[in-house]
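First comes the structure, then the notes that go with it.
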Amino acid sequence: MNHNIMLVYGRFAMDCKDIKNAKVIPFQMPQVPGYGSNSSVNLVLQDMQDRPMSEFNADVTKFLTKLNQRPEIMMAMSTYSERFPKYQVDVDATQCDRAGITPASVLRTLGSYCGGSYVGNFNQFGKVYRIMANAAPEYRLDPSSLNNIFVRVRGGKMAPISEFVTLKEVVGSASVDHFNLFQSITCGVMTASGFSEGDAHEAIAEVFKETMPNGYGYEYGGMSREVEEASGSNATALIYCICAILIYLILASLYNSWFTPWAVLLSVPFGLMGSFGITWLASLFHLPGMENNIYLQTGVIMLIGLLAKTAILITEFASERRAQGMSIIDAAFAACEERLRPILMTVVTMIAGMIPLIIAGGAGANGNRVLALGVTAGMAVGTLALLFVVPAFFSCSRSCTKSIKDKNLLLKLEKKP
């Protein structure tokens, strides 16, 4: 069954609104496993002046409230809370000294019973297993369980750890995280439909500059960090330029011409316009996942290969017909006419294979849909363009080559006595 992710969000929120003392927030898993815990922008706010966490949290709340008002942002939130119930452990150092033990040994024993302690390894069935020791859950449920936890004191005797430890119920943060050695609060920012992650990064930078006082900073984590580093670098454009130059030189050596390769290189962008154009139109209708993400870029790489292959075949057949004595225009049209059937078979096969990915639902449907839709539109638009553009470019390139050869021949004749 095909479901819209936003409708699933709404239904889930409605079903969970009656749960008291709980805040339920649905989120998608990351597009690439291992880069963050969800598909949102992983934003880490840093306090570089070591302020109290209550003041830091108040400033972060103001920042998130302002950020939620931006149209590029669907939701910005943080799981940090200072209302987390916990126990404060106070160790009586004087009592420990009387018993001949240190507070560190008391805390180490308490941590081993309640949190677990690594003991060693053992081998079985050719595998190594870790040995972790801790108290059974039923023996560490409440403060009275401290009477059943013992620590060794002076003389080898055992004393209950409740003689040295006092528990106090407090409310505060579950933990204080650090990023780049600064105390930090991690936020999740979900991009609204019709906007890319780059738009979200620009909105975050603008709101941060407007709302956050001096002494705060922010960084990105997971896939968002990779996107931010790539956006500020020209390495991608440089790699594309180098690849285009290498392909041009290979085609020039193949056709023994400096102009004929342009018939192949200039035909590929028409297919890319179809791929990115249909994605942009789909984003206007707020279809989920319709953005320039890693799935669309993977489909574009495959699309470039297929379109270039078609353009090379047309150019190759046209060059053969030209070598057999046909005129430039007749050779170009004869190549398109001869290669029309295999080209249409390739396009129809590719589009038919992508249709199930477009209409399918379930896990990963957004990534599959944008990949398939981009390839389908690019193949359809690009193939139609190739049948008209490649012969035109081939004719222009061959005409330029012929005019240059005629000019060189005329110069040679003029130089002869």
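Structural remarks
Yes/no matrix, rows are residues, columns are (1) modelled with pLDDT of 80 or more; (2) open to solvent by less than 70 Å² (accessible area, probe 1.4 Å); (3) aliphatic (A, V, I, L, M):
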position	(1), (2), (3)
Tyr240	no, no, no
Cys243	no, yes, no
Leu246	yes, no, yes
Asn256	no, no, no
Phe285	no, no, no
Ile294	no, no, yes
Met302	yes, no, yes
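- All conditions but one from (1) among the acidic types (Asp, Glu); (2) over 30 Å from Leu64 (Cβ atoms); (3) surrounded by 11 or more Cβ atoms within 10 Å (Cβ to Cβ) apply to Glu206; the one that does not is (2).
- Close pairs from the stretch 200-213: first over 15 Å from Gly188 (Cα atoms) and of a type outside the set (A, V, I, L, M), partner in a helix (DSSP H, G or I) and open to solvent by 30 Å² or more (accessible area, probe 1.4 Å), Cβ under 8 Å, at least 6 apart: Glu210/Lys66; Thr211/Lys62; Thr211/Lys66
- Qualifying strands (runs of 3 or more DSSP E) (wholly inside the stretch 136-191; at least 1 residues being within 30 Å of Phe63 (Cα to Cα)): 165-172, 177-179, 182-191
- Taking the stretch 1-109 as the region of interest, the strands (runs of 3 or more DSSP E) fully inside it that hold 1 or more residues being of a type in the set (A, V, I, L, M), at pLDDT 85 or above and under 30 Å from Phe164 (Cα atoms) are 84-91.
- Qualifying residue in the stretch 177-189 (condition: exposed (fewer than 15 other Cβ atoms within 10 Å of the Cβ) and in contact (Cβ under 8 Å) with a residue 40 or more places away in the chain): yes
- Residue match in the stretch 85-104 (condition: free of Cβ contacts under 8 Å to residues at least 60 places away in the same chain, surrounded by fewer than 15 Cβ atoms within 10 Å (Cβ to Cβ) and touching a Ser or Thr at 6+ places or on another chain (Cβ under 7 Å)): no
- Residues of the stretch 75-106 classified as among the hydrophobic types (A, V, I, L, M, F, W, C) and within 14 Å of Ala159 (Cα to Cα), total: 4
The values are calculated or read from the model by the stated rules, or taken from the named source; none is laboratory data. In this text the structure is predicted, and so the values were computed from the model without any measurement. Positions of Cβ are generated from backbone atoms using ideal geometry, with glycine treated the same way; all protein chains shown enter the neighbour counts. Accessible surface is based on the protein model in full, side chains and every heavy atom, while ligands, DNA and RNA are left aside. Shrake-Rupley method; radii C 1.70, N 1.55, O 1.52, S 1.80 Å.
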